[in-house]
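Mind having a look at this structure? Questions to follow.
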Amino acid sequence: MFMGIASNNADGLVEDPAVSARVMFAAGGTGGHVFPAIAIADALTIAHKSVTVQFLGTRHRLEASAVPRAGYTLRHIPAVPLRRPIFLSPQNLLLPFRLILSIAAALQLLLAFRPHVVVGTGGYISGPICFAALLCGCPFVIQEQNVCPGLANKILASFATSVFVAFADALVHFPSEKCIVSGNPVRWTLQQLVLKRTALRHFFPSSILLSDEATQCDDEHCEIVFIQGGSLGAKSLNQAVIGFAEEMLEKHPKRFLIWQTGPKHFKGVLNKLRSHERLFICEFLLDMNLAYSAADLVVACSGAITCSELLNLGKPSILIPLQYVADNHQRNNAAVLERAGAARILDDVGLTPEKLEGAINELLGDKAILASMCKNALKIATPSAADLIAQEVFLLAWRHASRRVTKKFQDVAKMQPMQFPQEN
């Protein structure tokens, strides 16, 4: 982790131990938005013990469990979902009203916490919170995980102090003078890799192949495929794996499958497959680092954070961009890895068990290709992204805190508080 700023840093600022910086994170919805925020917060609080962190999110999405589990306080505001197609979805008729309520809720929490900087990492609630920060005169930064940004971040970029982009390809979408190419923040816990055999014993404690008495399944001949469709899961990927999982395990007696289905698909998958000593199925993995430690090959959808995890850990992958994701985010993300020689792409549309099984067998059957993909992934990895962003966020918060600039907060605080309904 990076160290705290020195007494006299490159900006000519002298850090005052009495100044306690407050940072608010706006992140919600999926792991692709929530986990980068947690990664930045971890790097920030490890390097600067005096920093106080608070998260804003919703009550019912991933942040409701992930943020408290990471040890941070989460306050709730109503989400403002944007349905697609934007102009043809009747639900969007209520969008202005919902937006006002969400901004009002964010304003109230901003005035209570009085952050020195707000960090927006995306999701339905990030826009309203960053806009509320703008009204309060509080600086905010945004972190864009994808090659092609969403509509909210494109708008917010004009008002943000800094824009952290994961890929250089994203620079064309933002004011260049505000951009910092940082890579995507990856949780430090994911980078705590263990021995392959240790990880396998975690998932397959009763496997005969892993017992001391049996013929050992050594690292060279034991093949582990880690399959996951993101925090929510992917129907097309799960259906394809259902079609070949049992047969693959019978054909390859030293192959193991670790499979994260997503919560919506978990029961359906279990109902269609028999239990097997070399098949581990779960709806969501808390010990993701162990799955990556075990994996020789990862089959995944190409969410931005998944792609960054694969690069940082040097994991060969088969990527399946989901075709219904807005603005074709996943296809553009996967293309970066494929161009670098770190991944193979299979289309979500028309994905069949035969196509996916064939791609898995081809790659696992060629150790030279796997080694090359691993090397190519590490070449374009950004393992220090969280540290870099956290340092920039701290400097911005520290400057704001040390100047004691609170006039705009005080002016807004004098306004009559807006009333809004509590989220169920």
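All of the numbers you see were taken from the coordinates with simple rules; none came from a lab. All values reported here derive from a predicted model rather than from experimental measurement. Backbone-built Cβ (ideal geometry, glycine too); neighbour counts: all protein chains shown.
Sort K355, K367 so the one with the fewest other Cβ atoms within 10 Å of its own Cβ comes first.
So the residues, fewest neighbours to most, are K367, K355.
Report D for region 189-379 in µm² per second (integer): Stokes-Einstein, Kirkwood Rh on Cα pairs, 10 °C, 1.306 mPa s.
Translational diffusion coefficient: 96 µm²/s.
With the cut-off at 1.5 for a/c, could you classify region 100-255 from its C-alpha gyration tensor as rounded, prolate or oblate?
The shape class here is prolate.
Check which residues have an amide H placed less than 5 Å from S317's amide H, if you skip close sequence neighbours.
Result for S317 returns V298, R344.
Where does each of I318, I77 land when they are ranked from fewest to most other beta-carbon atoms within 10 angstrom?
With the fewest neighbours first, I318, I77 line up as I318, I77.
Under 26 Å from the Cα of K254, which lysines turn up, not counting those fewer than eight places away in the same chain?
Partners found: K196, K272, K315, K355, K367, K375.
So, counting K/R as plus one and D/E as minus one, what does the shell of residues with Cβ under 11 Å around N289 add up to?
After counting each charged neighbour, the total is -1.
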